[in-house]
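Here is the structure we will look at.
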Amino acid sequence: MLLPSFTYHRPGGLAEALAMLDGFGGQAKLLAGGTDLLVNMKHGKQAPAQLIDLDGLAELKASGSRGDALELGAGLKAAAIAGGLGGAAPQALAQGAGALGSPQVRNRASLGGNLVTARPAADMCVPLLALGARVALVSPAGERQVDLPEFFLGPGLTALHPSEVLTRVLLAKPRPGEGSGYGKLGLRKALEIPLVNVAAWLALEADGKTIKEARVALGAAAPTPMLSPGAAKALAGATAGDDAFAAAAFAAAADARPIDDHRGSAEYRRDMVAALTKRCLGQALAQARGN
Amino acid sequence: MSAHILKLKVNGREYQALVSANHTLAQVLRENLGLTGTKQGCQVGDCGSCTVLLDGEPVNSCLVLGVQAESREVLTIEGLAEGNKLHPLQDSFVRAGAIQCGFCSPGMILSAKALLERKPSPGLDDIRQGLAGNLCRCTGYQKIVEAVMQASHRMSGEASS
């Protein structure tokens, strides 16, 4: 299975990459880890005339905190995020990155690539949605920041303009009293696209019992990764525990809009959304309580 | 279409090759450098038979462009034995009956090598997870897991003696 012909470019920095992208006017694709793009090219689904390789750009691989915000470079590999980034990565994101593909895929696949590929069940997209992340999109004209619910427009479709590069993911730094969790159901235990995946994030009030705020994100439940408004509403102000989590699971299943396909039925997916929602909230609560 | 002069280190030796941009690292290793120990199976990153270590980390060489290996270090299965002495992992694979048709073995052994470098005394689950990106259609995996376990015992024994 051979790759179609293209001209390869290795920019020395982000500014040069942006200038190239602009100059090629829609003829170029950005290459990050290549675990999606090169596969699509081999399958004949994409045949860009120009490839601009971002993989070597150190400025896209930095992670760090700025005030209360955590900034993750789009070039970070799934393997690095799965390793926790020295304790900086929120639990659900590290779990999602660790559930992606295989060890070989995680050593290549990038954070930014997972986001711009925008599959409805992508292992890092669903946790980032629950964590309230936004993305920085940079073009020669400057930078804009987009919240993830506005970034995902459809399967493989995002708000990214052809002249833009997704450079960073921004999210709130995890604080005491907060926790998150990720759950993935597949037909196999590795190298699998989820049948359903769910991520949950919650913050407790100072009493350690009442839920101040929560978000539940669902994958493979709609054309894009989606937040469940019903689950968030059921959890806010409730006492953390089985009753609240059951109500949230019921609401999440009601919000889900899954389809029947060769991988599973909509009815089964809806049931599994509920089961995984409960499980992820349990993980998030355990972390929020520090155990 | 572009062609590039690629310089890289494979199995400790410097190579230089003229490669087309659309040739993968797996193709460059096999066709330009004649290192046919790296196998090409699915060619889309699912089977792991083309696994090599790129700067010490296992990757599917079918999903890395040859030009992306510029100035980097690659370890292939040819780089493991020292003369006629097999690497403990290779020897354990032979002894444990972990090699049947042999097609997955180079990738399997390189994934196992990366695992043992990160985790010299892995548990069974660690081994299964470390090899999750390598498919074998012959053995049913059990003998492969046993071979990695045996190699880890032998290598940690050698390290302490």
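Of the helices (runs of 4 or more DSSP H) lying entirely inside segment A:97-183, those containing at least 3 residues that are of a type outside the set (K, R) and over 26 Å from B:S111 (Cβ atoms) span A:125-130, A:148-151. State all residues of segment A:1-42 that are part of a helix (DSSP H, G or I), facing another protein chain (nearest Cβ under 10 Å) and touching a residue at least 24 places away in the same chain (Cβ under 8 Å); if no residue qualifies, say none. The answer is A:L37, A:L38, A:M41, A:K42.
Residues that are surrounded by fewer than 20 Cβ atoms within 10 Å (Cβ to Cβ) and among the polar types (S, T, N, Q) occur at least once in segment A:154-167.
Would you check if A:P194 is assigned to a loop (DSSP other than H, G, I, E, B), touching a residue at least 40 places away in the same chain (Cβ under 8 Å) and out of contact with any Asp or Glu (no Cβ under 9 Å at 6 or more places or on another chain)? No, not satisfied. Filtering segment A:247-273 to residues that are crowded, with 22+ Cβ neighbours inside 10 Å and not in a helix (DSSP H, G or I) leaves A:A256, A:P258. Would you say B:E31 is assigned to a strand (DSSP E or B) and not assigned by TED's automatic domain parsing to the domain that holds B:Q129? Criteria not met by B:E31.
Just to verify a result, which residue in segment B:109-125, among those that are of a type outside the set (K, R) and surrounded by 17 or more Cβ atoms within 10 Å (Cβ to Cβ), is nearest to B:G97 (Cα to Cα)? Checked segment B:109-125; the qualifying residue nearest to B:G97 (Cα to Cα) is B:I109. A:K45 satisfies every condition listed in (1) farther than 24 Å from B:L54 by Cα; (2) more than 13 Å from chain B (Cβ to nearest Cβ); (3) free of Cβ contacts under 8 Å to residues at least 24 places away in the same chain; (4) among the charged types (D, E, K, R) except (2). Among the residues of segment B:55-91, the ones that are within 11 Å of another protein chain (Cβ to nearest Cβ), farther than 18 Å from B:A21 by Cα, in contact with a helix residue (DSSP H, G or I) (Cβ under 9 Å, 6 or more places away or on another chain) and without any contact (Cβ under 8 Å) to a residue 60 or more places away in the chain come to 2 in all. Counting only residues that are farther than 19 Å from A:E164 by Cβ and within 14 Å of the chain's Cα centre (by Cα), which one in segment A:53-78 is surrounded by the fewest Cβ atoms within 10 Å (Cβ to Cβ)? Only one residue tops the list, namely A:K77.
Could you grab me the full set of residues in segment A:233-243 that are part of a helix (DSSP H, G or I) and surrounded by fewer than 22 Cβ atoms within 10 Å (Cβ to Cβ)?
Residues satisfying the conditions are A:K233, A:D242, A:D243.
Considering only residues in segment A:196-215 that are of a type in the set (D, E) and touching a strand residue (DSSP E or B) at 6+ places or on another chain (Cβ under 6 Å), the one that is farthest from A:Q283 (Cα to Cα) turns out to be A:E205.
Taken together, the residues in segment A:69-96 that are more than 16 Å from A:R168 (Cα to Cα), within 14 Å of chain B (Cβ to nearest Cβ) and either modelled with pLDDT under 95 or not in a helix (DSSP H, G or I) (or both) amount to 1.
Is it the case that some residue within segment A:106-118 is farther than 22 Å from A:L18 by Cβ, out of contact with any His (no Cβ under 7 Å at 6 or more places or on another chain) and surrounded by fewer than 24 Cβ atoms within 10 Å (Cβ to Cβ)? So far as segment A:106-118 goes, no, none of its residues is farther than 22 Å from A:L18 by Cβ, out of contact with any His (no Cβ under 7 Å at 6 or more places or on another chain) and surrounded by fewer than 24 Cβ atoms within 10 Å (Cβ to Cβ).
Whether any residue in segment B:132-141 is farther than 15 Å from B:Q90 by Cβ, surrounded by fewer than 19 Cβ atoms within 10 Å (Cβ to Cβ) and small (G, A, S) is what I want to check. Among the residues of segment B:132-141, at least one is farther than 15 Å from B:Q90 by Cβ, surrounded by fewer than 19 Cβ atoms within 10 Å (Cβ to Cβ) and small (G, A, S), which makes the answer yes.
The lone criterion from (1) closer than 19 Å to A:L148 by Cβ; (2) touching a Ser or Thr at 6+ places or on another chain (Cβ under 7 Å); (3) within 14 Å of chain B (Cβ to nearest Cβ) left unmet by A:A190 is number (1).
Determine whether segment B:35-44 contains at least one residue that is crowded, with 23+ Cβ neighbours inside 10 Å and within 14 Å of chain A (Cβ to nearest Cβ). Yes: segment B:35-44 contains one or more residues that are crowded, with 23+ Cβ neighbours inside 10 Å and within 14 Å of chain A (Cβ to nearest Cβ).
The values are calculated or read from the model by the stated rules, or taken from the named source; none is laboratory data. Predicted, not measured: the structure shown is a model, and the values here were computed from it. Glycine gets a Cβ as well: all are built from the backbone with ideal geometry, and neighbour counts include every protein chain shown.
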